[in-house]
Amino acid sequence: MNDDDLVAGYLGRLVQAARQLPPDRRAELIDEIADHIEQARAVSEASGPGLQDLLRRLGEPEAIAAAASDSAGDFAGAFAQPAPAITQPPAGRGPRRQRWLDMAAVMLTLGSVLLAPVSFVLALLGWAVGIVMLLLSSRWPRRAKVLGAVTGTLALPLFGGLLATLAKTWYWRQAGPFGWQTGTGPFISTILVTAAVVAVTLVGVRLLRYPLSQPAGPGPATTAGRTATGPAAAAAPEPAASARASR
Amino acid sequence: MCCMVDGEASNLVAQMRRGVLPFCVLAMLGDGERYGFELVRALASVDGLVTGEGTIYPLLARLRRQGLVETTWRESDAGPPRRYYRLAPSGRATLAEFTGSWRLFRDSVDGLLQVGEKGGST
């Protein structure tokens, strides 16, 4: 087995072991371990026994993955009681700002098409800003980001085009006695637009229903597990941690 | 019976190690920034603190998410870009709090252990 195979095998085991982690954390962990190996190899432990020693020092991939799912719990309050007060400002102020930013991201990504009849450039600009905000937010896993971005991107030409046509037909027919409801073209367009509105709204609601703060993610589960197994000393800071998470 | 107490003690030591490790990371950043690889190597070289270097990375990620440390990426002459860690203001405050609590805790326990040793030897 050559050196690259050795590293690939090790990382493969890590990928397997880290399956239960949230996607973004899994990707981050694997990146960092891969970087560590690369850096160590760049320095000296490039090959053979040196490489094996390097991987031994890193530890079993399963232990690393376990430590990663472990660190979902809150430890900052474990010894220093005042620590929660210190870590609270980002946790307390952050979510409200994040809520608004995320709301804006979803609105812009999915809703900018509504501006298409007014100005397509404006709609495009809003959509682009929305996509960037969506992708930068730490709230959603990669899959949800892709869902939002794809929906927003699809909505732009389809829904935006339809809206623009609708607006035009409406202007054209405004002179007529029954307005735009008379033609069948606009009628079909109306159904399509309604369907698009429902689909886009569903995606938007789904995105905004994601829990706000990701660090506090699997709180209750780990709390239950720890209080059941650990001695009283370790369990003590947990209620404070979960209380903070639920706030 | 004795083995049960033994197991309990080693379990407690493992938990204590896990509990203090984050603060040891903060302490290592007390006098300036370090890059991840160097930080991990330095921590792992302290006796009995960590079992594997790899397990430190999830901890660093956690400290980042908690806003206790800040990171910047920088190019390096050899190898991939490096992520540098430094203490955030809240990390420095947390470290100071812990240092005070730890000394008090250590002195109290040391005092009691000394009494216990004297009692046992006579």
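Looking at B:Ser90 and the list (1) in contact with a Ser or Thr (Cβ under 9 Å, 6 or more places away or on another chain); (2) among the small types (Gly, Ala, Ser); (3) touching a residue at least 60 places away in the same chain (Cβ under 8 Å), which single condition is not satisfied?
(3)
Which count do you get for residues in segment B:26-42 that are of a type in the set (A, V, I, L, M, F, W, C) and within 14 Å of A:His36 (Cα to Cα)?
Matching residues across segment B:26-42 total 4.
Exactly one of these conditions fails for B:Val40: (1) within 15 Å of B:Gly91 (Cβ to Cβ); (2) within 12 Å of the chain's Cα centre (by Cα). Give me its number.
Checking B:Val40 against (1) within 15 Å of B:Gly91 (Cβ to Cβ); (2) within 12 Å of the chain's Cα centre (by Cα), the one that fails is (1).
Hey, could you check segment A:137-160 for residues that are over 8 Å from the mean Cα position of the chain (by Cα) and closer than 20 Å to A:Pro22 by Cβ and say which is surrounded by the fewest Cβ atoms within 10 Å (Cβ to Cβ)? Can you show your working first?
Applying the first criterion (over 8 Å from the mean Cα position of the chain (by Cα)) to segment A:137-160 yields A:146-160.
With closer than 20 Å to A:Pro22 by Cβ added as a condition, the list becomes A:146-149.
On the way: A:Val146: 13, A:Leu147: 16, A:Gly148: 24, A:Ala149: 18.
It comes out as A:Val146.
Looking at segment B:54-67, which of the residues that are under 14 Å from the mean Cα position of the chain (by Cα) and more than 7 Å from chain A (Cβ to nearest Cβ) is surrounded by the fewest Cβ atoms within 10 Å (Cβ to Cβ)?
Only one residue tops the list, namely B:Leu60.
Can you spot a residue in segment B:60-73 that is modelled with pLDDT of 95 or more and aromatic (Phe, Trp, Tyr)?
no
For the subset of segment A:10-57 comprising residues that are of a type outside the set (Gly, Ala, Ser), assigned to a loop (DSSP other than H, G, I, E, B) and more than 10 Å from chain B (Cβ to nearest Cβ), which member is surrounded by the fewest Cβ atoms within 10 Å (Cβ to Cβ)?
That would be A:Arg19.
So in segment A:39-58, with the set limited to residues that are of a type in the set (D, E, K, R) and over 18 Å from B:Pro58 (Cα atoms), which one is modelled with the lowest pLDDT?
Among those that are of a type in the set (D, E, K, R) and over 18 Å from B:Pro58 (Cα atoms), it is A:Glu45.
Show the residue pairs meeting these rules: Cβ distance below 7 Å; 6+ apart or different chains; first residue within segment A:1-22 and on the phi < 0 side of the Ramachandran plot; second residue of a type in the set (Lys, Arg).
A:Ala18/A:Arg26
Check B:Leu43 against each of (1) within 21 Å of A:Ala68 (Cβ to Cβ); (2) in contact with a Pro (Cβ under 7 Å, 6 or more places away or on another chain) and name the one condition it does not meet.
(2)
Just to be sure, is B:Thr51 among the hydroxyl-bearing types (Ser, Thr, Tyr), within 11 Å of chain A (Cβ to nearest Cβ) and buried (at least 20 other Cβ atoms within 10 Å of the Cβ)?
Considered against the rule, which asks whether it is among the hydroxyl-bearing types (Ser, Thr, Tyr), within 11 Å of chain A (Cβ to nearest Cβ) and buried (at least 20 other Cβ atoms within 10 Å of the Cβ), B:Thr51 comes out as no.
Given the options B:Thr94, B:Thr99, name the one that is facing chain A (nearest Cβ under 7 Å) and farther than 26 Å from A:Glu62 by Cα.
Details: B:Thr99 fails: facing chain A (nearest Cβ under 7 Å).
The unique qualifying residue is B:Thr94.
Please indicate, with yes or no, whether at least one residue in segment B:102-116 is hydroxyl-bearing (Ser, Thr, Tyr), over 19 Å from B:Met28 (Cβ atoms), facing chain A (nearest Cβ under 10 Å) and without any contact (Cβ under 8 Å) to a residue 60 or more places away in the chain.
No: segment B:102-116 contains no residue that is hydroxyl-bearing (Ser, Thr, Tyr), over 19 Å from B:Met28 (Cβ atoms), facing chain A (nearest Cβ under 10 Å) and without any contact (Cβ under 8 Å) to a residue 60 or more places away in the chain.
The values are calculated or read from the model by the stated rules, or taken from the named source; none is laboratory data. Since the structure is predicted, the reported quantities are computational estimates derived from the model, not experimental observations. So basically every Cβ, Gly included, is an ideal-geometry build from the backbone, and we count neighbours across all protein chains shown.
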